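Colleague: Take a look at this one; I'll ask things after.
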Amino acid sequence: YYVGAPAGGIWKSTDAGINWVPLTDYLPQIGVSGIAIHPTDSNIIYIATGDDDANDSYAIGVMKSIDGGATWNTTGNMTGSPGSMNEIYIDPNNPNTVLVATSSGVYKSTDGGGKWIRKLISNIIDLKMKPGDSSIWYATTGSAFYKSTDSGESFTEISIPDLTGSLRLVIDVTIANPDYVYMVSASGTSYPKTFNGIYKSTDSG
């Protein structure tokens, strides 16, 4: 198992969570808000750095390990220099393709992190892939929902008429029914946020 902490690095357990070892104590920054593990080679791991919630630590880009987290290297530069990151995913059908959500947008790499191209420019709060279909991706800002139908090459905003007053949107999907998308909305400018509704799509957004 791997677990990331907003200002405490990435930790690894090889005994089903009984004992944990820190893997990032000597990196320039130890916030980890997203972890992606290669589907066929578990030694290849990507982490999205920084604290995506309270900014207790700042992003220094996506880091990559090819030895199960023993050592880490930086990946390619990102236009816009995002200050925070959150969700990061490896395309299960094309493992060299990686998508990451950041405060500067959704970035995509097709060469294992060597080069990143920004595909959506905004402060992205959440990112999900449709279960079983890597051509479809969902992303949210604080107040808008986006969908990609071309493997994350482009994103289109989907209008939700009764969604008002939202300042934070988070989403999730389920393998029980890949067409379902769930979304929680919160409002308010300070913490704790105010609950603003749960939304559900049954047709892939």
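The values are calculated or read from the model by the stated rules, or taken from the named source; none is laboratory data. In this text, all values refer to a predicted model and were calculated from it rather than measured experimentally. Here the Cβ is made from the backbone with ideal geometry for all residues, glycine too, and neighbour counts use every protein chain on show. Note: accessible area is taken over every heavy atom of the protein model, side chains too, but ligands, DNA and RNA are not part of it. Shrake-Rupley method; radii C 1.70, N 1.55, O 1.52, S 1.80 Å.
Colleague: Please go through region 166-205 and pick out each residue that is without any contact (Cβ under 8 Å) to a residue 24 or more places away in the chain and of a type in the set (A, V, I, L, M).
Modeller: Passing the criteria: Ala176, Val184, Ala186, Ile198.
Colleague: Something else: Restricting to region 7-41, name every residue that is within 23 Å of Asp56 (Cα to Cα) and among the polar types (S, T, N, Q).
Modeller: First, pick out the residues of region 7-41 that are within 23 Å of Asp56 (Cα to Cα): 7-12, 20-36.
Across region 7-41, the qualifying residues are Thr24, Gln29, Ser33.
Colleague: How many of the residues in region 66-102 are in contact (Cβ under 8 Å) with a residue 24 or more places away in the chain and either part of a strand (DSSP E or B) or open to solvent by 40 Å² or more (accessible area, probe 1.4 Å) (or both)?
Modeller: Here the count works out to 19.
Colleague: What's the number of the condition Phe195 fails, among (1) in a loop (DSSP other than H, G, I, E, B); (2) in contact with a strand residue (DSSP E or B) (Cβ under 8 Å, 6 or more places away or on another chain)?
Modeller: Condition (1) is where Phe195 drops out.
Colleague: Would you check if Thr156 is at pLDDT 95 or above, buried (at least 22 other Cβ atoms within 10 Å of the Cβ) and either polar (S, T, N, Q) or closer than 23 Å to Pro192 by Cβ (or both)? Spell out how you get there, then give the answer.
Modeller: Details: at pLDDT 95 or above: yes; buried (at least 22 other Cβ atoms within 10 Å of the Cβ): no; either polar (S, T, N, Q) or closer than 23 Å to Pro192 by Cβ (or both): yes.
For Thr156, the condition - at pLDDT 95 or above, buried (at least 22 other Cβ atoms within 10 Å of the Cβ) and either polar (S, T, N, Q) or closer than 23 Å to Pro192 by Cβ (or both) - is not met.
Colleague: If you check Ser148, Ser166, which single one turns out to be of a type outside the set (Lys, Arg), in contact with a strand residue (DSSP E or B) (Cβ under 6 Å, 6 or more places away or on another chain) and farther than 29 Å from Ser109 by Cα? Show your work before the answer.
Modeller: Working: Ser148 fails: farther than 29 Å from Ser109 by Cα.
One residue alone meets the criteria, Ser166.
Colleague: Strands (runs of 3 or more DSSP E) wholly in region 20-65 with at least 2 residues that are β-branched (Val, Ile, Thr) - which ones?
Modeller: On the way: elements: 32-37, 45-49, 62-65.
In region 20-65, 32-37, 45-49 are the strands (runs of 3 or more DSSP E) which contain 2 or more residues that are β-branched (Val, Ile, Thr).
Colleague: Right, another one. Do we have Lys115 as closer than 25 Å to Thr141 by Cα, among the basic types (Lys, Arg) and either surrounded by 20 or more Cβ atoms within 10 Å (Cβ to Cβ) or modelled with pLDDT under 95 (or both) here? It would help to see each step written out before you state the result.
Modeller: Details: closer than 25 Å to Thr141 by Cα: yes; among the basic types (Lys, Arg): yes; either surrounded by 20 or more Cβ atoms within 10 Å (Cβ to Cβ) or modelled with pLDDT under 95 (or both): no.
Criteria not met by Lys115.
Colleague: Okay, moving on. Which numbered condition in (1) over 22 Å from Ser134 (Cα atoms); (2) touching a strand residue (DSSP E or B) at 6+ places or on another chain (Cβ under 6 Å); (3) open to solvent by 50 Å² or more (accessible area, probe 1.4 Å); (4) at pLDDT 95 or above is the only one that Asp52 fails?
Modeller: That leaves (4) as the condition not met.
Colleague: Now for a separate question. Run down Leu163, Leu169 and say which single residue is assigned to a strand (DSSP E or B), among the aliphatic types (A, V, I, L, M) and open to solvent by less than 40 Å² (accessible area, probe 1.4 Å). So that I can check it myself, show each step before the final result.
Modeller: Working: Leu163 fails: assigned to a strand (DSSP E or B).
None of the other options fit; the residue is Leu169.
Colleague: Among (1) in contact with an Asp or Glu (Cβ under 9 Å, 6 or more places away or on another chain); (2) buried (at least 21 other Cβ atoms within 10 Å of the Cβ), where does Val106 come up short?
Modeller: Of everything listed in (1) in contact with an Asp or Glu (Cβ under 9 Å, 6 or more places away or on another chain); (2) buried (at least 21 other Cβ atoms within 10 Å of the Cβ), Val106 misses just condition (1).
Colleague: Still on this structure, please answer the following. Within the set of pairs 6 or more residues apart or between chains, which connect a residue that is modelled with pLDDT of 80 or more inside region 23-35 to a residue that is among the polar types (S, T, N, Q) and not in a strand (DSSP E or B) with Cβ atoms less than 8 Å apart?
Modeller: These pairs meet every condition: Ile30/Thr24; Ile30/Ser57; Gly31/Ser57; Val32/Thr24; Ser33/Ser84.
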